[in-house]
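Any read-out appearing in this document is the output of simple, stated calculations on the displayed coordinates, not a laboratory observation. Fair warning: this is a prediction, and the values are worked out from it, not measured in the lab. With ideal geometry, Cβ positions are generated from the backbone for all residues, glycine too; neighbour counts draw on all protein chains shown.
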């Protein structure tokens with residue numbers, strides 16, 4: 001009969017070994033992948049929202065008023 | 001007694017779905033891992049019921065060319081095809097252990113959350129601030145906000161899709177990317193066909 005703590009540890013170990021770690025074939029690429037994905041595992045919106053705003057701003061600076069046409073198109077999209 | 005039991009099951013599943021929707025915003029990795037270990041199909045039914053309700057509600061804002069029930073059934077067919085596509089592809093790519101279909105169904109159903117949010121918000125905004133947009137300051141501000149919001153949901157959708165496939169198929173990064181690219185290669189022309197026939201301007205996937 002497992003104690004509660006043993007059950008928690010067992011569950012944690014199961015979680016850790018549920019999927020094999022990603023190996024992207026190159027040590028640097030794998031490190032970069034891990035560095036990039038780590039913040040996305042918890043509260044990803046802290047990174048996604050500023051990134052989206054930056055992309056939207058860059059889109060406006062590059063394409064100007066075409067962005068407004070795109071929004072009109074998307075608003076008809078549902 | 002059996003009916004009462006069924007009602008409790010539905011309520012419990014509804015609470016779990018709402019809770020997981022919130023947790024997918026806060027801790028998507030951990031939550032998707034937990035969803036993958038689920039075998040309760042009631043949660044999938046609840047997600048699809050919300051889509052059914054959405055199509056009927058959206059039809060009031062702007063009448064569709066087709067009946068909402070047809071659009072809903074098409075969405076279900078798209079989902080089934082998507083699940084079968086990833087199931088067969090991962091079965092082909094995953095040699096180490098067999099891929100199970102139930103985790104794939106559960107996790108992919110939860111990836112519809114950003115889609116539901118985007119479509120619902122767009123419908124409400126269509127009623128509140130109907131297009132076309134203007135080139136004045138307020139119009140520009142709204143456009144920027146709307147684009148940022150859409151990109152945010154798109155990135156979140158991609159993350160959830162990746163996690164869903166990663167946990168349910170246990171495939172590595174490159175193989176998941178190949179699968180998604182192949183899926184898009186088939187889905188994009190199909191979406192254009194749907195657009196041409198006025199079914200969906202933006203496909204509900």
Residue satisfying condition, being farther than 26 Å from residue A:48 by Cα, over 16 Å from the mean Cα position of the chain (by Cα), surrounded by 16 or more Cβ atoms within 10 Å (Cβ to Cβ) and within 14 Å of chain A (Cβ to nearest Cβ), within set B:27, B:99: B:99
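Is it the case, given these coordinates, that residue A:2 is out of contact with any helix residue (DSSP H, G or I) (no Cβ under 6 Å at 6 or more places or on another chain), over 30 Å from residue B:139 (Cα atoms), more than 10 Å from chain B (Cβ to nearest Cβ) and not in a helix (DSSP H, G or I)?
Criteria met by residue A:2.
Only one of A:47, A:63 is within 14 Å of the chain's Cα centre (by Cα) and either exposed (fewer than 12 other Cβ atoms within 10 Å of the Cβ) or more than 7 Å from chain B (Cβ to nearest Cβ) (or both). Can you tell me which? Before the answer, list the steps.
On the way: A:63 fails: within 14 Å of the chain's Cα centre (by Cα).
After ruling out the rest, the residue left standing is A:47.
Looking at the range A:20-40, can you tell me whether even one residue there is surrounded by 15 or more Cβ atoms within 10 Å (Cβ to Cβ), within 30 Å of residue B:143 (Cα to Cα) and within 11 Å of chain B (Cβ to nearest Cβ)? I'd like the intermediate steps shown before the answer.
In the first step, residues of the range A:20-40 are kept if they are surrounded by 15 or more Cβ atoms within 10 Å (Cβ to Cβ); the result is A:22, A:24, A:30, A:33, A:37, A:40.
Add one more test, that the residue is within 30 Å of residue B:143 (Cα to Cα), and what stays is A:37, A:40.
Filter once more, keeping what is within 11 Å of chain B (Cβ to nearest Cβ): A:37, A:40.
Looking through the range A:20-40, at least one residue is surrounded by 15 or more Cβ atoms within 10 Å (Cβ to Cβ), within 30 Å of residue B:143 (Cα to Cα) and within 11 Å of chain B (Cβ to nearest Cβ).
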Considering every residue within the range B:41-51, establish whether at least one is in contact (Cβ under 8 Å) with a residue 12 or more places away in the chain, within 14 Å of chain A (Cβ to nearest Cβ) and either at negative phi or crowded, with 17+ Cβ neighbours inside 10 Å (or both). yes
Are any of the residues in the range B:173-180 at the interface with chain A (Cβ under 8 Å from one of its Cβ atoms), crowded, with 18+ Cβ neighbours inside 10 Å and in contact with a helix residue (DSSP H, G or I) (Cβ under 9 Å, 6 or more places away or on another chain)? no
Does residue B:63 satisfy being surrounded by fewer than 12 Cβ atoms within 10 Å (Cβ to Cβ), over 15 Å from the mean Cα position of the chain (by Cα) and under 21 Å from residue B:205 (Cα atoms)? yes
Testing residue B:126 on (1) facing chain A (nearest Cβ under 8 Å); (2) surrounded by fewer than 20 Cβ atoms within 10 Å (Cβ to Cβ); (3) over 25 Å from residue B:52 (Cα atoms), one condition comes back false. Which one is that? (3)
Selection from the range B:137-167 of residues that are free of Cβ contacts under 8 Å to residues at least 24 places away in the same chain and under 12 Å from the mean Cα position of the chain (by Cα): B:158
Among (1) over 19 Å from residue A:16 (Cβ atoms); (2) within 19 Å of the chain's Cα centre (by Cα) - the single one residue B:3 does not satisfy: (2)
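Condition check ((1) in contact with a helix residue (DSSP H, G or I) (Cβ under 6 Å, 6 or more places away or on another chain); (2) not in a helix (DSSP H, G or I)) across all residues:
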| position | (1), (2) |
| --- | --- |
| B:12 | no, no |
| B:19 | no, no |
| B:29 | yes, no |
| B:35 | yes, no |
| B:39 | yes, yes |
| B:45 | no, no |
| B:48 | no, no |
Restricting to the range B:151-166, count the residues that are facing another protein chain (nearest Cβ under 8 Å) and over 16 Å from residue A:46 (Cα atoms). 1
